[in-house]
Amino acid sequence: MSIGKRVREALDKLAAGDYEAALIPACIAVAATANKAYPHLKYDNHKYKTFLSDNRDIIMEVALGVQTTEISFKFTHDDIRRPKKPGLATVEEILYHVVRCGLIHDGELDTAIHFGQSNEFGLLDNEVVIPPEIINGLILAVIGSSYNQDERLDRTSYSFTFRQNDGDVQVELDDLWGQKSTLLELLGNTSAKRTV
């Protein structure tokens, strides 16, 4: 399986405005990258959540415009059986157990998850509102992983525009594979916007 191919699928679905469909290949790309990055961890869910946690800086910077420490919500869900903190669910737990597992096992996004507006991330009536930009965050985390440095999108028209104080910087995504430090530099005090 080519992680680059899954990323390309996610980007194409995202460009079409189909966020749920974009999440499926994005989640597969995260899982495949996590398997490469953490072969010593026994369970896939630990690998996946560890990858999300280790790349929270990229994911949340893109999704919310800020880097954050661990975020937890007063959210309970039957699929989060052993939360890290009783009565709370971390973003990593929600993204794995509710988003990824719902999409992969049930073929659809769990009804407890809704897409909100840009930079909107929170809890409303025990439902989690996530920003569509979180998909871009997952994609960039996958691209930035050193384990994926040999991947390619096989098309040069995928780029991100990083808005910086002194003007926009447009970067081809194929130039960012395995370049997490470059991504973090580009994301510092910026906002990212995907362009095709």
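The values are calculated or read from the model by the stated rules, or taken from the named source; none is laboratory data. Note that the structure is a prediction, hence the values are computed from the model and not measured. Please note: Cβ atoms are built from the backbone with ideal geometry, for glycine as well, and neighbour counts cover all protein chains shown.
Some values worked out for this structure:
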read-out: Matching residues in the range 92-123 - criterion: being at pLDDT below 80, exposed (fewer than 14 other Cβ atoms within 10 Å of the Cβ) and within 21 Å of Lys74 (Cβ to Cβ); value: Asn119
read-out: Residue in the range 157-177 that is crowded, with 19+ Cβ neighbours inside 10 Å, in a helix (DSSP H, G or I) and not acidic (Asp, Glu) present; value: yes
read-out: Residue among Lys42, Lys36, Lys13 that alone is in contact (Cβ under 8 Å) with a residue 12 or more places away in the chain, more than 14 Å from the chain's Cα centre (by Cα) and either surrounded by fewer than 16 Cβ atoms within 10 Å (Cβ to Cβ) or within 20 Å of Gly144 (Cα to Cα) (or both); value: Lys36
read-out: Among (1) within 16 Å of Leu138 (Cβ to Cβ); (2) modelled with pLDDT under 90; (3) crowded, with 16+ Cβ neighbours inside 10 Å - the single one Ala89 does not satisfy; value: (1)
read-out: Filtered residue count, the range 87-136, keeping only those that are assigned to a loop (DSSP other than H, G, I, E, B) and touching a His at 6+ places or on another chain (Cβ under 7 Å); value: 1
read-out: Tally of residues being of a type in the set (Asp, Glu) and either surrounded by 23 or more Cβ atoms within 10 Å (Cβ to Cβ) or over 13 Å from Val142 (Cα atoms) (or both) across the range 45-66; value: 1
read-out: Count of the range 131-142 residues which are crowded, with 23+ Cβ neighbours inside 10 Å and more than 15 Å from Cys27 (Cβ to Cβ); value: 1
read-out: Pick from the range 53-86, criterion among the polar types (S, T, N, Q) and not in a loop (DSSP other than H, G, I, E, B), ranking: modelled with the lowest pLDDT; value: Ser72
read-out: Pick from the range 1-10, criterion of a type in the set (A, V, I, L, M) and in a helix (DSSP H, G or I), ranking: farthest from Ser145 (Cα to Cα); value: Ala10
